[in-house]
Amino acid sequence: MTTSKITLSDGTTIPQLGFGTFQIAPEVAVETVSIALEVGFRHIDTAQGYHNEAEVGEAIANSGLARGDVYVTSKLTNSMHARDDVMRSFDETLTKLRLDKLNLFLIHWPVPTRYDGDFVSTWKAMLELVEDGRLTSAGVSNFEPEHLTRIIDATGVTPVVNQIESHPYFRNDNARHASLEQAIAVEAWGPLAKGEALRDPVVGDIAAEVGRAASQVVLRWHVQRGNIIFPKSMHRDRMVENLAIFDFELTDDQVARIDALDKDEDGRQGPNPNVFDAI
Ligand code: NDP
């Protein structure tokens with residue numbers, strides 16, 4: 001199955017479809033990520049806070065795949081925003097992942113009520129990692145429009161991606177449009193609304209119309225919006241299903257019907273980045 005690639009603002013490319021690893025416990029992560037690589041995923045999304053970087057690294061090493069064939073993302077955890085902690089924890093991330101160089105590293109949350117609101121220094125530390133050659137691309141996650149403006153105004157450097165909650169119930173158009181206006185690619189986390197969107201009757205109707213699974217319909221909707229996605233599943237058959245989304249298309253009318261499921265803030269499932277402060 002061919003996965004389309006998106007070109008980021010720094011000229012690198014990222015597979016539009018990847019595999020998410022949030023809440024994949026370390027005890028099962030080597031096996032689960034190994035299966036994901038075996039069935040064809042070539043882009044893995046992890047984070048320092050998921051506590052499975054070492055297992056992701058082991059699965060990649062065991063896969064026998066060439067380094068250049070697997071795109072790996074990790075994220076800086078909220079307690080590591082100080083410059084020296086960025087440097088030290090990034091070293092640990094590389095060691096755990098068994099990599100010399102990481103494709104993409106993101107500030108996981110802006111935590112604007114912590115560190116005297118200074119996520120600009122954190123962004124500068126991320127850029128140091130790119131300059132010293134150990135990181136290919138730097139990005140952010142859960143950044144609201146004003147957070148993006150602040151780091152770009154302060155440094156003149158735009159993150160290559162903004163990874164934000166986005167799914168049929170919460171398109172998150174505010175953060176999405178602010179990102180796209182700055183040529184920042186949008187990564188949609190929780191693309192299936194944690195599985196909830198798969199039980200939606202509108203999605204079910206469209207799935208029957210196109211002869212596809214509900215998950216494929218929702219993921220295809222993301223692809224047609226230009227989102228980068230990495231659905232998580234513990235099951236091989238679901239992984240295979242989630243990969244097979246590049247050989248059909250939704251009509252404009254079907255896309256519009258899914259668009260109409262948006263509940264704006266009422267559809268948000270995760271924390272609001274303006275107030276989220278967990279360390
Ligand atoms: P998803 O929207 O990917 O949904 C995952 C749920 O959907 C699981 O319960 C899974 O069940 C189920 N599922 C997956 N595929 C299918 C299928 N084909 N049929 C039926 N059910 C299915 O939620 P996530 O929260 O995992 O988001 C995806 C990724 O985004 C994360 O893993 C993580 O990498 C990233 N993320 C980033 C965040 C951030 O703050 N930057 C926050 C949250 C997530 P099962 O596993 O049992 O198959």
Query raised in the report: Contour minus end-to-end for residue 225 and residue 67, with contour as 0.36 nm per residue of separation and end-to-end as the Cα-Cα distance?
Result: 54.0 nm
Report summary line: Amide H neighbours of residue 5 at under 5 Å, excluding residues fewer than 5 places away on the same chain, with H built from the backbone geometry, are 16
Report summary line: Using the Cα gyration tensor of the chain, the equivalent ellipsoid's semi-axes, largest first and to the nearest Å, work out to 29, 23, 16
**Report entry** Quarter of Cα convex hull surface for the stretch 120-202, i.e. mean projection, nm²
**Finding:** 6.1
Query raised in the report: For the chain, what relative contact order do you get, as a whole percent, if you take Cα pairs closer than 8 Å and at least 6 residues apart?
Result: 20
Query raised in the report: For residue 115 and residue 259, what is the calculated FRET efficiency with R₀ set at 30 Å and r taken between the beta-carbons, to the nearest 0.05?
Result: 0.25
Query - Potential lengthening between residue 180 and residue 251 on full extension [0.36 nm per residue; Cα-Cα distance subtracted] - result: 23.3 nm
Report summary line: Extension length gain for residue 210 and residue 154 (0.36 nm per residue less Cα distance), in nm, is 15.4 nm
Query raised in the report: For the chain, what % of the accessible area comes from carbon and sulfur atoms, probe 1.4 Å?
Result: 48
Query raised in the report: In whole Å, how far is the Cα centre of the stretch 17-51 from that of the stretch 106-151?
Result: 24
Report task. Please calculate how many Å² of accessible area the chain carries per residue, with a 1.4 Å probe and no DNA, RNA or ligand atoms counted. Result -> 41
**Report entry** FRET efficiency, residue 237 to residue 269 (Cβ-Cβ, R0 25 Å, nearest 0.05)
**Finding:** 0.50
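The values are calculated or read from the model by the stated rules, or taken from the named source; none is laboratory data. Owing to the predicted nature of the structure, the values given are computational and were not obtained by experimental measurement. Glycine also receives a Cβ, built like all others from the backbone with ideal geometry; neighbour counts cover every protein chain displayed. For the accessible areas, the whole protein counts, side chains as well, though only heavy atoms, and no ligand, DNA or RNA atoms are used. Shrake-Rupley method; radii C 1.70, N 1.55, O 1.52, S 1.80 Å.
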